[in-house]
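Presented below is the structure to which this report refers.
The values are calculated or read from the model by the stated rules, or taken from the named source; none is laboratory data. Only a predicted model underlies this, so the values are computations on that prediction, with no experimental measurement involved. Don't worry about glycine lacking a Cβ; one is built from the backbone with ideal geometry, like all the others, and counts go over all protein chains shown. In case anyone asks, the SASA skips ligands and DNA or RNA and just uses the protein heavy atoms, side chains included. Shrake-Rupley method; radii C 1.70, N 1.55, O 1.52, S 1.80 Å.
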Amino acid sequence: MRFINKYLRNLAPYKVASHKIWDVSASERKDILKLDWNEATIPPSPKVKERLQELVTQDDIYYLYPSTNNKKLMSLLADYCSLPEENVQYFASSDSLHEYLVRMYVGVGDPILILSPSYDNFRLTCESQGAQIYYHDYEPDFSFDGAAFRKSIESITPSLVYICTPNNPSGNVIEKEYIVDLLQSFPDTIFLIDEAYYEFYGHSMSNFVLIHQNLFVTRTFSKAFGLANFRAGYLISNAENIAQISKIRNPKNFTTFTQEAVIAVLSDVPYMQAYADEVVKTRGYFEKEVSQLNIVKHVYPSQGNFLLIEFVDFDTKMNVFNTLSDHNIFVRNLMHNKLLTNALRITIGTKAQMERVLNVIKSV
């Protein structure tokens, strides 16, 4: 213990979801419905498989380091974001990107303000750097008090503010106009806007990076694009910010397989959009159906590919959680905040998949 970085000695770990799906054979995996980590529930664009099948026949991709500046990828990414290439950069997952951002902009003892409950791994990343974490909780019904949040910023004077929108796990969003007002009011504070679920919402802060240097927007290819196993994410920010963080970014960590998979999905955006549209439609159906069950107290409106469902009490929640697990359906039991005590977060997939989930919950 005495050799460990003092900021890591008593660090609470980020609790991962069930990975039973990797403990069984490929044939058995087909019966498992993994709805606990908000991955896509269908394969990505067929172009990914086509490209990878071509790639495995090329001997040099195994022993050479990957390209450190894939121009085709950068061009497609910039086009997708409707921004110049100087305003985007790709990383080996948004988690890795968050680590780079914290290394670059957060020092020991720096105050970090997190609008919570939210994605807990970012807390871990900051604490491992020696930062001081402060939380501003949503209201008990997950409504947002903008005036109170502004007061928290004024009193804490954080180096960085983390806002996930749509928020994980609640699915609610913070309006762009409000965030722009914060950017203008606190120009010396970094605002990190996590848009992991952007494709299911359709609204972004990305264009404002051309105006505000204190704005950083992060996104992922793990959700709507279906590339969770490839670990790919990207940053959108002011050109100077991109240039600075690129100095410490290790470009070798973005493998050739990942680069080509990202190129494939960005070459077939309509496929992704059709899936995202189906998820949004199914989300409405599932929300309506599950809200009518007498064991459900509340379903929080969501703009992500998931729903946060509050049950009448803790025992009922655990009964639902365990019954779903017994049927090889895995959902997220989040316990890192008191607002989540009686709630489960369930990823939304296709209508057929969610009908299967609904039937099991009804049995409870």
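Divide the volume of the convex hull around the Cα atoms of the stretch 189-289 by the residue count and you get 123 Å³ per residue. Simple rule: put +1 on each Lys or Arg Cβ and -1 on each Asp or Glu Cβ in the stretch 29-183, find the dipole, and look at 67, 88, 148; the Cα lying farthest toward the positive end is 67.
With both residues required to sit in the stretch 164-238, DSSP beta bridges show an antiparallel share near 50%.
The relative contact order of the stretch 132-259 comes to 17 percent, based on Cα pairs under 8 Å that sit 6 or more residues apart. The coefficient of translational diffusion for the stretch 122-194, derived via Stokes-Einstein from the alpha carbon Kirkwood radius under 20 °C and 1.002 mPa s, stands at 164 µm²/s. Ordering 294, 261, 236 by the projection of their Cα atoms onto the charge dipole of the stretch 234-296, which places +1 on the Cβ of Lys and Arg and -1 on the Cβ of Asp and Glu, puts 236 at the extreme positive end.
If only the Cβ of Lys and Arg carry +1 and only the Cβ of Asp and Glu carry -1, the dipole of the stretch 112-179 around its Cα centre is close to 200 debye. Between the stretch 246-320 and the stretch 345-364, what is the separation of their alpha carbon centroids in Å? Rounded to whole Å, the Cα centres lie 14 Å apart.
Over all directions, the average projected area of the alpha-carbon convex hull for the stretch 132-270 comes to how many nm²? Over every viewing direction, the Cα hull of the stretch 132-270 projects on average to 9.7 nm².
Within the stretch 161-213, the percentage of alpha carbon pairs spaced more than 13 angstrom apart rounds to 56%.
Where (1) 80, 47, 44; (2) 58, 55, 48; (3) 56, 46, 44 are the candidate values, the label of the one calculated here for Cα extents along the principal axes in Å is (2). Between residue 103 and residue 269, the contour length at 0.36 nm per residue exceeds the alpha carbon distance by 56.5 nm.
Computed over the stretch 58-127, the Cα gyration tensor eigenvalues convert (square root of 5λ each) into semi-axes of 30, 17, 12 Å, ordered from largest to smallest. Of the peptides 159-170, 46-57, 273-284, the ranking by mean beta-carbon count within 10 Å, highest at the top, reads 159-170, 273-284, 46-57. Placing +1 on each Lys and Arg Cβ and -1 on each Asp and Glu Cβ, with no other charges, gives the chain a dipole about its Cα centre of roughly 700 debye. Assigning unit charges at the beta carbon (Lys, Arg +1; Asp, Glu -1) and nothing else, what dipole magnitude in debye, to the nearest 20, does the stretch 228-364 show about its Cα centre? Once rounded to the nearest 20, the dipole reads 300 debye. Pairs with C-alpha atoms separated by more than 21 Å, drawn from the list 72/252; 49/72; 34/338; 34/281; 297/362; 317/338, are 34/338.
Modelled label positions at residue 132 and residue 59, each set 7 Å beyond Cα in the direction of Cβ, lie 6.0 nm from each other.
Determine the per residue accessible area of the stretch 14-126 with all protein chains present and a 1.4 angstrom probe, expressed in square angstrom. Numbers along the way, then the final one.
On the way: 5740 Å² over 113 residues.
With the other protein chains kept in place, the stretch 14-126 gives 51 Å² per residue.
With the full set of protein chains in place, find how many percent of the accessible area of the chain is carbon and sulfur; take the probe as 1.4 Å.
Here carbon and sulfur together make up 50 percent of the probe-accessible area.
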